[in-house]
């Protein structure tokens, strides 16, 4: 028997616009996908109910925002099963850069950490780590996003049970096809970086967080309680972009 590292090919995932009724399933998916994200564990509220409230308000605002497109992928056999979702937001020169605050009672700021949000009620004080991440990302946003027409991938989440089937890649290809000849930005977690890099995103800035400074008893490497590296990445339009949509 000959072994091969070549992955099986799957058909392009069915992609649709997300609607408000998808939000509960998207939150469940988000919680499952974020389980291994160590930074998220540190930043998340201590109770799941509050975290769900944060995600629900953020997704509701994104779905209703005319400048944002929330794309969901569904099971090939059952369109009621959400397997992944991505949040693509347009930015314009006459507005601030990405990572805006979204809010009613809950204010969320994209932390540039591959789906990690810094969220808090308006009356809540940010933790020192939240303050540090916000300050680091404000520098990146001012440098790369403010005054520049762009599109930003704010969140990409694939259900762990559906990973490895090209679903996240399908959502990224959707964004490339809709690029409109403007830069595409995203914040990559350590786990997400290889996929983004393989599709043409390049690192333009990094935020390095030594969790030993923020978590009692922390230790280990990049994927442990140690150094967590978030990469802010840029993809410029390319002449061969058609292949990312046409090739399955």
Q: Exactly one condition in (1) on the phi > 0 side of the Ramachandran plot; (2) at pLDDT below 85; (3) out of contact with any strand residue (DSSP E or B) (no Cβ under 9 Å at 6 or more places or on another chain) is not met by residue 216; state its number.
A: (1)
Q | Count - residues of the range 34-44 that are in contact (Cβ under 8 Å) with a residue 24 or more places away in the chain and in contact with a helix residue (DSSP H, G or I) (Cβ under 6 Å, 6 or more places away or on another chain) | A | 1
Q | Among residues of the range 145-154, those that are under 19 Å from residue 12 (Cβ atoms) and part of a loop (DSSP other than H, G, I, E, B), counted | A | 0
Q) If you take the residues of the range 223-248 that are out of contact with any strand residue (DSSP E or B) (no Cβ under 6 Å at 6 or more places or on another chain) and within 22 Å of residue 33 (Cα to Cα), which of them is modelled with the lowest pLDDT? A) 223
(Q) One residue is enough: does the range 119-133 have a residue meeting the conditions more than 16 Å from residue 33 (Cβ to Cβ), modelled with pLDDT of 85 or more and not in a strand (DSSP E or B)? (A) yes
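I want to confirm something. Restricting to the range 155-188 and keeping residues that are part of a loop (DSSP other than H, G, I, E, B) and under 21 Å from residue 91 (Cβ atoms), which single residue is modelled with the lowest pLDDT? Before the answer, list the steps.
Residues of the range 155-188 that are part of a loop (DSSP other than H, G, I, E, B), as a first pass: 159, 163-166, 178-183.
Those still in the list that are under 21 Å from residue 91 (Cβ atoms) too: 178-183.
Numbers: 178: 89, 179: 86, 180: 83, 181: 88, 182: 92, 183: 94.
Looking at residues that are part of a loop (DSSP other than H, G, I, E, B) and under 21 Å from residue 91 (Cβ atoms), I get 180.
The values are calculated or read from the model by the stated rules, or taken from the named source; none is laboratory data. This is a predicted model, so every value here is computed, not measured. We place every Cβ from the backbone using ideal geometry, glycine too, and count neighbours over all the protein chains shown.
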